[in-house]
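Asks: Mind looking over this structure? Questions follow.
The values are calculated or read from the model by the stated rules, or taken from the named source; none is laboratory data. Owing to the predicted nature of the structure, the values given are computational and were not obtained by experimental measurement. Backbone-built Cβ (ideal geometry, glycine too); neighbour counts: all protein chains shown. Accessible surface areas use protein heavy atoms only, side chains included; no ligands, DNA or RNA. Shrake-Rupley method; radii C 1.70, N 1.55, O 1.52, S 1.80 Å.
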Amino acid sequence: MSPPVAYLPAYVGLYAALVLAVACNTFLDIRYGGFLIENLLWGGLFAWTLRVGWRQRGVESAQGRRRQKAVLIVGALVSVFILFPIWGQRAGVYVLAMLQASNNCVTTTRRRLYLGLLVSLVMVMFAATHHRADWTMLFYLLPYVAAVVFTLVAEQISRRAQDLADFGAVRARVGGQSAAIASATAAILAIAALVYAITPQISLPYLTWRYGQPTDLGYVGGVDPGQSGTAPGGAGGGGGRGANGAPAGGGLPSVAEMRDAAGRVGMPQWQSSAITRMADVAESLERVSAPVMQSLGRLWQGLLDALEAHWRDLMRALPALIALALLVAAILLWRESRPGVWLRVWLDYGRFGLFAMHARGAAGGRQYFRAFERLLILHDVERPAAANTREYLLMLGQRHAHLRRQFAELVLLYEQVRYGAGRVDDAVVARMRTLYRTIFWKVGDIAISDDAGR
């Protein structure tokens, strides 16, 4: 059964993703002037339906199902009498958005939350592959990517915080969760942007130019009839040619293309102003960066000349570099596999588990607890130096849930041995030995089953 979802940040992220997905599609018809009104209507519908889903607090109710059916019936009427007559086949995207709006009323589980994100992704993919789409849609595509990442991170962190609060380990703090969600989202987006920046991107205009395919079909090299006088796919679509005769559409838009896009009919004022400022900045950077790029080009050419001159020396040093890399990999593998810990754990079991070669009294109890800690280290649960026994128990219970009783009893006996005022009875140490033997075999089985489940 899918876990329930009752976390407001997750619903806020889903709302932003759905609204931006619809905005990408309404942006295709921006020249008709209804962009703002359409997005306000869809935004209001998504806000109301998601509020219905959120107020059920993770448990689907009869009222939510009734409102789902009501939205579905109204959506069917709107689709038949408004959407299809206006947009024709393209109305299928808005019908999908209407179906998602009805599903929002019963979005109370993680599965339905993810289904909503999937629907938004389908709508965005349709908009991004349309012949009218161009670089100006990035004003809505980039926030959409951020909204999807935010939703996934918020669901995971909020659920984790709620689990800890239910277990009684910590009290969920709204400020702490918000900071964790924001920092995790920013880190993921920064890493993705870095990977995208260093990865070569091949564009369709480049492939068309490179392999000699016709460029007068579709939007490649053509003009959208609805936007006469503009470049392919709208203003700034990139129909010109850059250096060496290659199409310019595969890279960043030029300053002239930015200014043309800013003056497009129906463009929102904020977006037009932002594009104009981008053009001004790009024009200033071009003037400043020209001498810098020339210097960098000379440095790069000098580096290539030096590499060519010392090519044979580099090839001689290559086997040594490969051997060094293999040595480092072997060291890391040795540390990861922990052969020393593995050997010590089995020696502990032979000494304490099989032959009961432990000390008497409190010293024996401490020996069993140290052996227990080393056993859990082997199974990737290491006790932090500053963690108390309660925090340690929480960590153990999360990884091996059905051994919580044995863990709790062993830790309790250790606390009695550690802080007890009187003499430790041999029966206490014997009980710790029994628990240690049980945990030794069962914890290995659980680790294997966890890996298989993943």
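Asks: Identify, by number, the condition in (1) touching a Leu at 6+ places or on another chain (Cβ under 8 Å); (2) of a type in the set (G, A, S); (3) open to solvent by 50 Å² or more (accessible area, probe 1.4 Å) that A76 doesn't meet.
Replies: It is condition (1) that A76 fails.
Asks: Residue by residue through segment 327-377, note down the ones that are of a type in the set (S, T, Y) and in contact with a Leu (Cβ under 9 Å, 6 or more places away or on another chain).
Replies: Y349, Y368
Asks: List the number of the failed condition for Q56; all other conditions in (1) open to solvent by 50 Å² or more (accessible area, probe 1.4 Å); (2) not in a helix (DSSP H, G or I) hold.
Replies: Going through (1) open to solvent by 50 Å² or more (accessible area, probe 1.4 Å); (2) not in a helix (DSSP H, G or I) one by one, Q56 breaks only (1).
Asks: I would also like to ask the following. From (1) within 21 Å of V345 (Cα to Cα); (2) more than 41 Å from the chain's Cα centre (by Cα); (3) in contact (Cβ under 8 Å) with a residue 12 or more places away in the chain; (4) open to solvent by 40 Å² or more (accessible area, probe 1.4 Å), pick out the condition that doesn't hold for Y414.
Replies: For Y414, the exception is condition (4).
Asks: Somewhere in segment 265-272, is a residue exposed (fewer than 10 other Cβ atoms within 10 Å of the Cβ) and farther than 19 Å from L138 by Cβ?
Replies: No.
Asks: Here's something else I'd like to know. Name the residues in segment 417-430 that are in contact (Cβ under 8 Å) with a residue 12 or more places away in the chain and not small (G, A, S), would you?
Replies: Answer for segment 417-430, where residues must be in contact (Cβ under 8 Å) with a residue 12 or more places away in the chain and not small (G, A, S): V417, R418, R423, V424, D426, V428, V429.
Asks: So in segment 364-397, with the set limited to residues that are without any contact (Cβ under 8 Å) to a residue 12 or more places away in the chain and open to solvent by less than 40 Å² (accessible area, probe 1.4 Å), which one is farthest from K442 (Cα to Cα)?
Replies: So in segment 364-397, the residues without any contact (Cβ under 8 Å) to a residue 12 or more places away in the chain come out as 370, 373, 382, 384-388.
Checking the rest, the ones that are also open to solvent by less than 40 Å² (accessible area, probe 1.4 Å) come to 373, 387.
On the way: E373: 15, A387: 24 Å.
So the residue we want is A387.
Asks: Looking for something in a helix (DSSP H, G or I), buried (at least 16 other Cβ atoms within 10 Å of the Cβ), modelled with pLDDT under 85 and not polar (S, T, N, Q) - is there at least one such residue anywhere in segment 435-445?
Replies: yes
Asks: Which of the residues that make up segment 302-353 are under 24 Å from L375 (Cβ atoms) and not in a helix (DSSP H, G or I)?
Replies: R338
Asks: If you check V59 against the conditions, is it of a type outside the set (G, A, S) and at pLDDT 90 or above?
Replies: no
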